[in-house]
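To start, the structure itself, in structure tokens.
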Amino acid sequence: MIILGIDPGSNITGFGVVRSENGKNELVDSGVIRASRVGTDHQLRLKQIYESICELIAEHLPDSCAVEMPIYGKNPQSMLKLGRAQATAMLAALNHQIPVTEYTPKEVKKAVTGNGNASKEQVCFMIETMLSLQPGNMVTLDASDALAVALCHIHRGVGGQKGTTKRGPAKNWAAFIRENPDRLR
């Protein structure tokens, strides 16, 4: 299974592609999309994010997409722009019939470090350890955050129907049955 993890941002969007087979996770690709290079027009930045994610999808053919969702912020305008970047990333995946699952930053950090309040540097260290990378091999913290989102998704074992969106694991059995009718016998 190939997972595309995305850490959305209106200036810099991190991405990470991880292959998971037989309990072994392998780095396929990671990096950042620098939408700020297209200027200050927010719509053009969103277009750049969309097109770049579509290119990643065409290149790596992921089975699933995991996206970190914005939770809080001090500036409402910044949160709005971040939410638009997240929606753009999700739309790119959904338009390619790839299921999308969203995770909170705390869920991601807890899944990879065991601590929902871990620093970006701690997350990066754990990503390097989990993927057997040389220390300091991560280009940016945005890329390591995106890889953390992909690994969180793998650890949660969340699948999904083609072209759907899910929000992490179900909170109770009724929700699980509602969200996974194909898994009933």
Please verify whether region 126-139 includes one or more residues that are surrounded by fewer than 19 Cβ atoms within 10 Å (Cβ to Cβ), within 15 Å of the chain's Cα centre (by Cα) and among the polar types (S, T, N, Q).
no
Unique residue being among the acidic types (Asp, Glu) and out of contact with any strand residue (DSSP E or B) (no Cβ under 7 Å at 6 or more places or on another chain) when the list is GLU102, GLU128
GLU128
Exception for ALA118 within (1) assigned to a helix (DSSP H, G or I); (2) modelled with pLDDT of 90 or more falls at (1)
Quick count over region 92-115, residues being in a loop (DSSP other than H, G, I, E, B) and either modelled with pLDDT under 90 or out of contact with any Cys (no Cβ under 8 Å at 6 or more places or on another chain) (or both), is 4
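The values are calculated or read from the model by the stated rules, or taken from the named source; none is laboratory data. The structure presented is a predicted model; accordingly, all values stated were derived computationally and were not measured. Neighbour counts are summed over all protein chains in view; Cβ atoms, including those assigned to glycine, are modelled from backbone coordinates with ideal geometry.
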